[in-house]
Amino acid sequence: MLHLDAVDAGYGSSQVLFGLGLEAGARQVTSLVGRNGMGKSTTVRTVLGLVPLRGGRIVFDGHDLGGLAPNRIARLGIGLVPEGRRVFGSLSVEENLIATARAAPTAGGGWTLARVVALFPRLGERRTQSARTLSGGEQQMLAIGRALMTNPRLLILDEATEGLAPLVRQEIWSCLGRLKDEGQAILVIDKNLAEMAPLVDRHHIVEKGRVVWRGTPRELDAQPEVAQRYLGV
């Protein structure tokens with residue numbers, strides 16, 4: 001579904017990505033993991049057209065994304081849950097959810113307000129509250145729900161469980177598991193390898209703007225030296 005081939009990107013005179021390659025398949029959960037500052041968020045921003053592509057190719061569902069504006073890329077079916085949640089604090093929960101809503105490309109089975117509330121019941125309980133009054137975990141649920149309301153073919157989550165309590169993280173992972181069971185393709189950037197392992201089909205480890213290892217969670221477990229070298233503190 002998403003293919004990055006030899007991607008170069010950066011900011012101004014600073015290059016961040018160096019020939020980065022990544023593949024995210026349909027109906028699969030793919031991860032991009034690595035230490036802070038290694039290029040994970042820049043990869044996401046380049047896919048979305050927020051950082052210019054300097055070299056290589058990015059193809060989504062047969063569409064070459066090079067040079068496309070972010071709004072056109074989003075309309076192709078990529079939904080983002082950004083790092084730091086970034087909900088609209090002055091709007092209510094319901095207003096946040098419908099602000100960027102987009103109808104499903106095919107009739108039936110799309111994401112609606114009712115489906116999002118069924119996935120995250122606490123959002124239904126706080127439907128009329130302003131988003132700024134929610135807890136961090138509730139804001140994260142709202143950010144995920146808002147992305148789902150765009151009816152994405154690929155859902156990208158950038159540090160979706162960062163700073164959350166363990167129980168809330170487990171709730172987020174459980175909901176993502178339900179999405180995977182429904183066939184939702186997901187690209188997840190996160191640091192919690194053990195928690196995401198049951199969900200992920202394929203890991204990509206990034207180091208200094210390059211993918212230096214890729215494989216299944218089981219293969220990574222069998223090579224503890226890889227995790228220690230590229231992910232250890």
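Suppose every K and R has +1 on its Cβ and every D and E has -1 on its Cβ; what is the size of the dipole of the chain about the Cα centre, in Debye to the nearest 20?
Working: 28 positive and 23 negative charges, 79 e Å.
That gives a dipole near 380 debye.
Below 8 Å between Cα atoms, with a sequence gap of 6+, how large is the relative contact order for the chain in percent?
Numbers: 440 pairs, mean separation 65.0, N = 233.
Relative contact order for the chain comes out at 28 percent.
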Exercise for the section: Classify the range 117-182 as rounded, prolate or oblate from the Cα gyration tensor: take a ≥ b ≥ c as the square roots of its eigenvalues, call it rounded if a/c is under 1.5, otherwise prolate when a/b beats b/c and oblate if not. Expected result: oblate
Completion exercise
The farthest towards the positive end of the charge dipole of the chain, of the residues Trp213, Ala227, Ser13, given +1 on Cβ of Lys and Arg and -1 on Cβ of Asp and Glu, is Ser13
Problem - the chain - share of DSSP beta bridges that are antiparallel (%, nearest 5) - result: 55
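Could you compute the net charge surrounding Ala185? Neighbours are other residues with a C-beta less than 9 Å from the C-beta of Ala185; K and R count +1, D and E count -1. Walk me through the numbers before you get to the answer.
Working: positive: Arg27, Arg153, Lys180; negative: none.
Result for the local shell: +3.
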Fill in the blank from the handout: Across Leu167, Leu154, Leu220, the residue with the highest GNM fluctuation in the chain (Cα network, 10 Å cutoff) is Leu167
Handout entry: Helical contribution to [θ] at 222 nm, DSSP H n ≥ 4, -39,500 (n - 2.57), averaged over the chain, rounded to 500
Key = -9000 deg cm²/dmol
Problem - Proxy reagent accessibility, fewest Cβ within 10 Å first, across Glu94, Glu138 - result: Glu94, Glu138
Problem - Lys, Arg +1 and Asp, Glu -1 on Cβ, resulting dipole of the range 26-103 about Cα centre, debye, nearest 20 - result: 280
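If neighbour count is taken as other Cβ atoms inside 10 Å, put Lys180, Lys208, Lys40 in order from fewest to most.
Values: Lys180 19, Lys208 14, Lys40 23.
Going from least to most buried by this count: Lys208, Lys180, Lys40.
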Problem - Cα point-scatterer Debye curve for the range 156-233, base-10 log of I(q)/I(0) at q = 0.12, 0.24, 0.25 Å⁻¹ - result: -0.35, -1.28, -1.34
Problem - Listed peptides 75-85, 19-29, 123-133 by packing density, highest first (mean Cβ within 10 Å) - result: 75-85, 19-29, 123-133
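Using Cβ counts within 10 Å as a stand-in for footprinting exposure, how do Met1, Met149, Met141 rank, fewest first? Display every interim value, and only then the final one.
Values: Met1 19, Met149 23, Met141 27.
Least crowded to most crowded, the residues run Met1, Met149, Met141.
Readers should treat all values here as calculations from the given coordinates under stated rules, not as data from a laboratory. Being a predicted model, the structure only gives us computed values, none of them experimental. FYI the Cβ positions are ideal-geometry reconstructions off the backbone, even for glycines, and counts take in every protein chain you see.
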